Amino acid sequence: MAPKAHRLGPGSLKFGETGTPTEFAAQLTNARISPSVNEEDAIDVLSGETIDGDDTIDWVVAGTLHQSFDKAGLVYWCFENRLTVVPFDFVPNNDESDYGWRGNCKIVPIDAGGDVKTKNTSDFEFKVIGEPTTYDIPAV
Amino acid sequence: MSAVLDRAEDVVAEVTGNLVAAGIDDATVTLDLLKVPAALANGPAVVVQPPRLDYTGTMAGSVTDATWEVFIIAGPVADRLAAWRRIDAIIDALKDPMDVDSAEPATFAHPGMPDHPAYVLSFTETI
């Protein structure tokens, strides 16, 4: 198979209910859905064999965004929706992605402010509740 | 007309408005460096230069940051302190409203005329 490496973006990251999602791609300089695998120690049994531990995977929707101080920005939206669980929809590249990611995540507030006379950024990390799913994006 | 040139004309209008608001009404504000020699006969010249453009990637596409340089040129060449005073008044009138990042001393050289004291203001904005 020929090697492929797609660039991130232009893509989409939406939060909120289907039908009225809020698009934040224009503010994002970094966006990702990240797994972290929690490996439980294997259990030794009397026969000398081992039984695999119960591994789990935690997911987060994370990234970095340019702060804006208007009510249309993600800083305000995160504050207004803090600790609520909302659907998300992540498409890394509108032209190249064969599939997107969906799920539900818990919104937490993010940094507002920083250095004076600077376009400040905020990092965000929203825990995915349950497992994310993928869905096919029809070829255009 | 391009978005950058449209914005350049807006910058000229903003500079002009800020100078008038500060009581400086003898300055010529222009995009055209070639108009400076004639303008200096009447007072200081303020020239808005084409900006440096930087493109920052976002998930939705690139964002354009424009770094503008604005030349402030003044005479009389025979009285450097008077020229400096005129330039200083213009810097004072622009630094806060235009969110200026820096002001660098410079010299304006043009064929057929003596070198003039100048400053280069710099500020960056997203356009």
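Put simply, of B:ALA118, B:ALA89, B:ALA103, B:ALA83 the only residue that is under 22 Å from B:ARG7 (Cα atoms), at pLDDT 95 or above and away from chain A (no Cβ under 14 Å) is B:ALA103. With respect to the stated conditions, A:VAL75 is within 19 Å of A:THR29 (Cα to Cα), under 16 Å from the mean Cα position of the chain (by Cα), among the β-branched types (Val, Ile, Thr) and surrounded by 18 or more Cβ atoms within 10 Å (Cβ to Cβ). Whenever a residue of the range A:12-40 is within 13 Å of chain B (Cβ to nearest Cβ), its partners that are assigned to a strand (DSSP E or B) and acidic (Asp, Glu), lying with C-beta atoms within less than 6 angstrom and at least six residues away or across chains, give the pairs A:LYS14/A:GLU23; A:LYS14/A:ASP89. When each of B:ILE72, B:ILE87 is tested for being crowded, with 17+ Cβ neighbours inside 10 Å, in a helix (DSSP H, G or I) and under 13 Å from the mean Cα position of the chain (by Cα), the lone residue that passes is B:ILE87. Is it the case, given these coordinates, that B:VAL46 is surrounded by 15 or more Cβ atoms within 10 Å (Cβ to Cβ), over 11 Å from the mean Cα position of the chain (by Cα) and over 30 Å from A:GLU23 (Cα atoms)? In short, no.
When every residue of the range A:98-109 is checked against the conditions, at least one turns out to be more than 16 Å from the chain's Cα centre (by Cα) and farther than 17 Å from A:GLU23 by Cα. Only one entry of B:VAL4, B:VAL12 meets the criterion of being closer than 30 Å to A:PRO92 by Cα and either more than 14 Å from chain A (Cβ to nearest Cβ) or part of a strand (DSSP E or B) (or both), and that entry is B:VAL4.
The values are calculated or read from the model by the stated rules, or taken from the named source; none is laboratory data. On a predicted model such as this, the values are computed, not experimentally measured, just so you know. Using ideal geometry, Cβ is built from the backbone for each residue, glycine included, and neighbour counts are taken over all protein chains shown.
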